[in-house]
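Read through the structure below, which is laid out as structure tokens, and then see the notes.
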Amino acid sequence: MRAPPLLYPLLLLLLLLATSAYSWKKEEFRNCNQTPFCKRARSRKPRSCNLRATDVSISDGDLIAKLVPKEENPESEQPNEPLVLTLSAYQDGVMRVKIDEDQNLNRPKKRFEVPEVIEEDFLNKKLWLTRVKEEEIDGVSSVVYLSDGYEGVLRHDPFEVFVREKSSGKRVLSINSNGLFDFEQLREKKEGDDWEEKFRSHTDTRPFGPQSVSFDVSFYGADYVYGIPEHATSFALKPTRGPDMEEFSEPYRLFNLDVFEYLHESPFGLYGSIPFMISHGKARGSSGFFWLNAAEMQIDVLGSGWNSNESSNIMLPSDKQRIDTLWMSEAGVVDTFFFIGPGPKDVVRQYTSVTGRPSMPQLFATAYHQCRWNYRDEEDVYNVDSKFDEHDIPYDVLWLDIEHTDGKKYFTWDRVLFPNPEEMQNKLAAKGRHMVTIVDPHIKRDESYHIHKEASEKGYYVKDATGKDYDGWCWPGSSSYVDLLNPEIRSWWSDKFSLDSYTGSTQYLHIWNDMNEPSVFNGPEVTMPRDALHHGGVEHRELHNAYGYYFQMATSNGLLKRGDGKDRPFVLGRAFFAGSQRYGAIWTGDNTAEWEHLRVSVPMVLTLSISGIVFSGADVGGFFGNPETELLVRWYQLGAYYPFFRGHAHHDTKRREPWLFGERNTQLMREAIHVRYMYLPYFYTLFREANSSGTPVARPLWMEFPGDEKSFSNDEAFMVGNGLLVQGIYTERAKHVSVYLPGDESWYDLRSGFAYKGGQTHKYEVSEDSVPSFQRAGTIIPRKDRLRRSSTQMENDPYTLVIALNSSQAAEGELYIDDGKSFEFKQGAFIHRRFTFSKGKLTSSNAAPSSAENDRFSSECTVERIILLGLSPGAKTALVEPGNRKVEIELGPLFIQGNRGSVLTIRKPNVRIADDWSIQIL
């Protein structure tokens with residue numbers, strides 16, 4: 001239905017509001033000095049904490065203590081009630097520390113604890129503490145067992161909690177070593193109390209007054225810290241406070257915001273928030289820290305000498321090599337997790353054991369996606385689809401933005417522009433392709449709209465501070481927001497994705513959750529007021545950063561319901577929180593067609609990856625603006641290695657499908673997309689590894705080379721799995737680029753097969769046809785070299801194995817295969833092969849657990865080529881077993897497409913990918 005003429009002035013006003021709200025204007029967003037809890041916390045001096053631990057005991061397998069003031073302060077407005085500290089130990093080296101108000105006392109309300117983030121399986125791995133050991137070193141401490149090599153320690157006075165190595169006594173992580181802990185307790189409002197906070201034209205009523213929590217966290221043996229997405233800045237976090245501060249003076253902000261054309265070098269918070277930090281250093285390795293808190297958070301990385309003026313008052317631990325940080329939150333409780341590592345993969349495994357392993361995507365979702373705001377109508381969709389085929393460019397998913405709906409009402413179609421949506425989806429599906437439509441959290445307040453009418457009648461909307469349905473402005477105009485904190489409402493929302501409810505949808509339709517911060521054009525800082533009310537009387541300030549998490553959760557569960565739990569859902573979200581990895585993919589939001597945004601996409605994706613969000617990427621080409629052709633090509637060449645690979649553009653930009661820039665540039669973008677499809681078996685294997693262990697698909701160099709100091713601050717290059725290294729090109733008309741290749745072994749150029757030495761920085765000659773990319777010596781990587789229209793049509797194609805030999809003439813690798821869509825893999829319906837090359841023999845063996853029911857999934861695919869990089873010269877033939885067959889070793893192309901390189905190749909060994917076999921070089 002088209003908008004009636006009288007609505008056009010209103011829509012124009014909305015557009016002006018949206019433009020005003022979205023333009024990056026520093027004054028429209030709060031800084032620390034304009035955020036009272038942050039300003040208060042930053043003003044606190046070291047050792048100002050006035051708490052000591054008393055009444056230490058063991059109860060229900062936990063260490064319990066009270067934190068009480070060392071001296072009463074009758075002039076303080078804050079209550080002096082004891083706080084309760086609970087310390088718990090879990091399997092695999094995880095310690096949990098909670099601090100909250102004493103629930104046995106009469107408190108104004110219960111402080112909010114974020115529900116449904118911690119995995120039930122993790123809670124079942126609790127270690128039952130039975131005794132506590134008392135020590136007297138620098139005062140009385142209570143010590144508990146954490147794991148065979150580590151102990152948890154509660155120091156009584158001054159209060160401090162830390163993890164230490166059992167043998168050496170060296171610390172790993174600590175809270176309150178600098179005495180900055182502060183906990184503003186809830187209190188009853190008295191006559192004359194003015195708790196309101198104003199920012200610009202908005203007033204926050206703050207009915208419970210100040211309720212912030214802050215404390216310092218120290219990472220020992222650390223050279224750098226990383227994590228706490230989402231910010232558009234360097235991967236290694238820079239100091240934000242210290243004596244010689246020049247660049248950053250604001251803390252890193254965690255507050256989910258809808259930010260237009262964000263700055264590419266800023267600690268300013270963006271669309272999502274994960275309060276997880278990982279440290280790394282040559283001296284000790286890695287450790288991690290997570291605070292389960294969904295309120296606004298500000299985090300300082302404290303530079304060397306930050307406390308120099310107070311050095312006489314600081315208690316310095318014996319191990320002085322550390323990085324101090326200050327964590328500040330507006331509300332909530334202390335619910336923190338210590339991860340002892342010691343390796344970086346150990347830390348991400350430990351963290352994702354708490355918040356959940358990443359979901360296993362369908363195969364199609366790991367391929368290339370084509371999106372624009374908006375493809376106009378069905379004719380436009382069919383034209384774009386046919387052009388991909390005409391130009392021999394594969395793709396798997398076509399996306400529709402908000403304009404496909406009837407007046408911005410989600411779960412509807414504009415029946416003038418999209419009269420036959422089911423037929424449209426089925427035609428794409430006939431080529432193995434899928435479609436994604438957008439569903440945002442703002443619901444148009446229109447009595448004729450069934451979703452609004454039902455939500456309003458059932459009382460399912462978030463309420464304002466007065467208890468009425470909250471009414472804000474977003475794309476449809478006047479909108480309300482579903483209260484997805486409530487499990488009942490999440491279930492109701494999930495039901496809306498059924499094929500019966502979502503008219504015009506099919507099983508090939510998947511979902512995009514945008515604007516789920518939630519974005520409110522006329523709200524404070526373009527979001528919902530902090531005093532809005534959710535289920536159970538929870539204020540929005542307490543759960544803001546988790547709103548998008550619950551929205552993506554409910555949407556993902558909706559697709560699960562739609563398919564009777566058989567197919568894995570695909571849901572892309574923008575706002576995220578800890579645990580979002582369980583429900584779908586994330587992209588880095590509304591970036592810009594600038595070289596610097598291409599550059600910053602790598603540290604942004606890496607930060608998400610180590611924080612559990614392994615399925616992420618940036619909009620290829622930049623969402624805003626018109627990229628120069630060279631930038632667009634370079635973005636495709638780099639984006640082909642993002643875990644999530646999507647081209648996307650704003651409706652005000654020129655059309656930029658890959659065939660619109662001349663034949664040569666079309667060829668370059670085609671080849672870049674072909675690279676992604678060629679490596680799909682490798683990517684899919686890595687997604688299964690992430691699903692099993694949390695180890696990310698895209699990895700910082702130091703995750704694979706933890707002792708290589710030159711890799712610690714390198715965020716221009718990244719690893720894909722353990723086998724590929726990719727270096728972006730971030731300047732126009734570049735002729736050369738410096739590429740650092742870590743480790744002691746060689747690296748093989750994917751373009752030529754030429755070997756480069758490891759442990760060196762190489763001046764690499766840049767070509768227009770690819771970004772520098774290398775395969776690590778000692779790895780075996782599976783590929784599929786026959787290229788089709790979509791990943792679905794590649795299902796039965798043969799494999800190529802690329803063996804990159806190390807100095808010992810050895811290599812190893814893996815391949816994981818399942819049906820690409822269902823959950824049958826959880827019952828053992830998959831193939832998992834391990835390839836090893838040693839002493840001239842390549843062996844394929846079963847890597848699946850002995851309990852896996854491998855007969856539930858089979859494949860007739862064969863290996864058609866085996867490429868041998870770095871093989872000693874002279875080999876002419878190979879013997880295949882079983883069968884006692886001889887096959888020739890000859891020179892062949894490194895890539896069939898483009899016929900590049902000339903490398904030793906075993907052609908047509910014709911061994912089945914699912915079988916045990918060996919090939920001996922003669």
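Positive end of the dipole of the chain, charges at C-beta (+1 Lys, Arg; -1 Asp, Glu), about the Cα centre: which of Thr352, Tyr395, Gly589 has its Cα farthest in that direction? Value computed over the given set: Tyr395. Measuring only protein heavy atoms, the 1.4 Å probe finds Leu891 accessible over about 120 Å².
The simple Förster model, with R0 at 30 Å and r as the Cβ-Cβ distance, assigns Thr877 and Tyr756 a FRET efficiency of 0.50. With an 8 Å cut-off on Cα pairs and a minimum separation of 6 or more residues, tell me the relative contact order of the stretch 456-558 in percent. Here the relative contact order equals 32 percent.
In a reduced charge model with +1 at each Lys and Arg Cβ and -1 at each Asp and Glu Cβ, the stretch 389-441 shows a dipole moment near 200 debye about its Cα centre. Just add up the charged neighbours of Trp473: K/R +1, D/E -1, any other residue whose Cβ is under 12 Å from the Cβ of Trp473. So the environment of Trp473 carries a net charge of +2.
Ligands, DNA and RNA are left out, and with a 1.4 angstrom probe the accessible area of the stretch 603-646 is 11 Å² per residue.
Across Lys66, Lys189, Lys463, Lys496, the residue with the most accessible area heads the list, and the full order at a 1.4 Å probe is Lys189, Lys66, Lys463, Lys496. Shape summary: the chain maps onto an equivalent ellipsoid whose semi-axes, from the alpha-carbon gyration tensor, are 45, 36, 25 Å in decreasing order.
Computed from label points 7 Å out along Cα-Cβ, the spacing between Glu116 and Glu628 is 4.9 nm.
What does the charge count near Asp300 come to, summing +1 for each Lys or Arg and -1 for each Asp or Glu among other residues with Cβ under 13 Å from its Cβ?
So the environment of Asp300 carries a net charge of +3.
Ranked from largest to smallest solvent-accessible area, with a 1.4 Å probe on the protein heavy atoms, Thr203, Thr240 come out as Thr203, Thr240. Overall form of the stretch 665-722: oblate. Here a/c, set by the Cα gyration tensor axes a ≥ b ≥ c, is 1.5 or more, and a/b is not larger than b/c.
Projecting the Cα positions of Leu173, Thr506, Ile867 onto the charge dipole of the chain (unit charges on Cβ atoms of Lys, Arg, Asp and Glu, taken about the Cα centre) puts Ile867 furthest along the positive direction. Among residues other than Phe576 with Cβ under 14 Å from its Cβ, the summed charge is -2 (Lys and Arg +1, Asp and Glu -1). Each peptide in 720-731, 265-276 receives the mean, over its residues, of other Cβ atoms within 10 Å, and ordering these scores from highest gives 265-276, 720-731. Taking every alpha-carbon pair under 8 Å whose residues sit at least 6 apart, the stretch 138-192 reaches a relative contact order of 22 percent.
Under 1.5 on a/c is rounded, so check that first for the stretch 369-464, then, if it is not, pick prolate when a/b is larger than b/c and oblate when it is not; a ≥ b ≥ c are the square roots of the alpha carbon gyration tensor eigenvalues.
prolate
In the chain, the calculated helix contribution to ellipticity at 222 nm averages -5000 deg cm²/dmol per residue, counting -39,500 (n - 2.57) for every DSSP H run with n ≥ 4. Of the trypsin sites (Lys or Arg not before Pro) found in the stretch 712-762, those that fall in a DSSP loop while having at most 14 other beta-carbon atoms within 10 Å are Arg733, Lys735, Lys757.
In this Cβ point-charge picture (+1 for Lys and Arg, -1 for Asp and Glu), the stretch 268-426 has a dipole of about 1200 debye about its Cα centre.
Surface composition of the stretch 553-646: carbon and sulfur atoms hold 46% of the protein heavy-atom accessible area at a 1.4 Å probe. Basic side chains Lys and Arg get +1 at the Cβ, acidic Asp and Glu get -1 at the Cβ, and with that the dipole of the chain about its Cα centre reaches some 2160 debye. Would you mind calculating the relative contact order of the chain from Cα pairs under 8 angstrom and at least 6 residues apart, reporting the percent as a whole number? Rounded, it is 10 percent for the chain. Using a 4.7 Å Cβ-Cβ cutoff, the cysteines of the chain lacking any partner cysteine are Cys49, Cys371, Cys474, Cys861.
Distance between the C-alpha centres of the stretch 360-397 and the stretch 508-574: 26 Å, rounded to the whole angstrom.
Out of the stretch 88-148, which chymotrypsin sites (Phe, Trp or Tyr not before Pro) are coil in DSSP terms and have no more than 10 other C-beta atoms within 10 Å? Passing both the DSSP loop test and the Cβ count: Trp128. Positive end of the dipole of the chain (Cβ unit charges, origin at the Cα centre): among Phe219, Tyr641, Asn910, the Cα lying farthest that way belongs to Asn910.
The values are calculated or read from the model by the stated rules, or taken from the named source; none is laboratory data. Being a predicted model, the structure only gives us computed values, none of them experimental. Please note: Cβ atoms are built from the backbone with ideal geometry, for glycine as well, and neighbour counts cover all protein chains shown. Heavy atoms of the whole protein, side chains included, go into the accessibility calculation; ligands, DNA and RNA do not. Shrake-Rupley method; radii C 1.70, N 1.55, O 1.52, S 1.80 Å.
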